[in-house]
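Below is one structure. I have some questions about it.
The values are calculated or read from the model by the stated rules, or taken from the named source; none is laboratory data. None of the values given here were measured: they were computed from a predicted structure. As a convention, Cβ positions derive from the backbone with ideal geometry for all residues, glycine included, and neighbour counts pool all protein chains shown.
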Amino acid sequence: MADAASAPVASLVSTDDGFKIATWDTSATGGTATGTKVSFGRIIAFSLSWQAFGTWGSATLSFQGSNDGTNWVTIESLTTDGGEGEMQTGWRYYRIITTGGTNSDLTAIMCAQRH
């Protein structure tokens, strides 16, 4: 696992139209890393979508969720561009984890939309 200095740090943006978007960039990790966790806050009802793209270098990227920030559950794992998913229920925290890659350079995005 990558050290804290190379862990992909999530940027979280809120838009005027009710979206919250988290983005992780894995370019500094070399292929294996655990991204920082994010919380989308108190959105009463929302849908969540995700995608990842970039140079995979045989990496696997997993989107994970947790209610306590310690114990994580994999929501979905991707190995190619264009992977995407959507769900109607949510976790308190989200993060990404990449494994098995060599010189991978990925961008992962999660988007929460309030209903």
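Restricting attention to region 57-82, which residues are in a loop (DSSP other than H, G, I, E, B) and acidic (Asp, Glu)?
Here is the first cut: in region 57-82, the residues in a loop (DSSP other than H, G, I, E, B) are 57-59, 67-72, 79-82.
Within region 57-82, ASP68, ASP81 qualify.
Can you tell me which residue in region 29-45 is modelled with the highest pLDDT, limited to those that are hydrophobic (A, V, I, L, M, F, W, C) and surrounded by 19 or more Cβ atoms within 10 Å (Cβ to Cβ)? Write out each step before concluding.
Initial filter on region 29-45 (hydrophobic (A, V, I, L, M, F, W, C)): 33, 38, 40, 43-45.
Adding the requirement that they be surrounded by 19 or more Cβ atoms within 10 Å (Cβ to Cβ) leaves 33, 38, 40.
Values: ALA33: 85, VAL38: 92, PHE40: 86.
It comes out as VAL38.
Out of (1) β-branched (Val, Ile, Thr); (2) closer than 11 Å to ARG95 by Cβ; (3) at pLDDT below 90, the odd one out for THR26 is which?
Just one mismatch for THR26, condition (2).
Checking the conditions here, which among THR60, THR70, THR98 is of a type in the set (S, T, N, Q), surrounded by fewer than 16 Cβ atoms within 10 Å (Cβ to Cβ) and either more than 11 Å from the chain's Cα centre (by Cα) or farther than 21 Å from SER14 by Cα (or both)?
Numbers: THR60 fails: surrounded by fewer than 16 Cβ atoms within 10 Å (Cβ to Cβ); THR98 fails: surrounded by fewer than 16 Cβ atoms within 10 Å (Cβ to Cβ).
One residue alone meets the criteria, THR70.
Spot the failing condition for ALA108; the list is (1) surrounded by fewer than 17 Cβ atoms within 10 Å (Cβ to Cβ); (2) closer than 22 Å to THR15 by Cα; (3) at pLDDT 90 or above; (4) among the small types (Gly, Ala, Ser), and only one is missed.
Of the numbered conditions (1) surrounded by fewer than 17 Cβ atoms within 10 Å (Cβ to Cβ); (2) closer than 22 Å to THR15 by Cα; (3) at pLDDT 90 or above; (4) among the small types (Gly, Ala, Ser), the odd one out for ALA108 is (1).
Determine which member of the set GLY85, GLY54, GLY101 is outside any strand (DSSP E or B) and touching a Leu at 6+ places or on another chain (Cβ under 9 Å). Walk me through how you get there before you give the answer.
On the way: GLY85 fails: outside any strand (DSSP E or B); GLY54 fails: outside any strand (DSSP E or B).
None of the others qualify; the one that does is GLY101.
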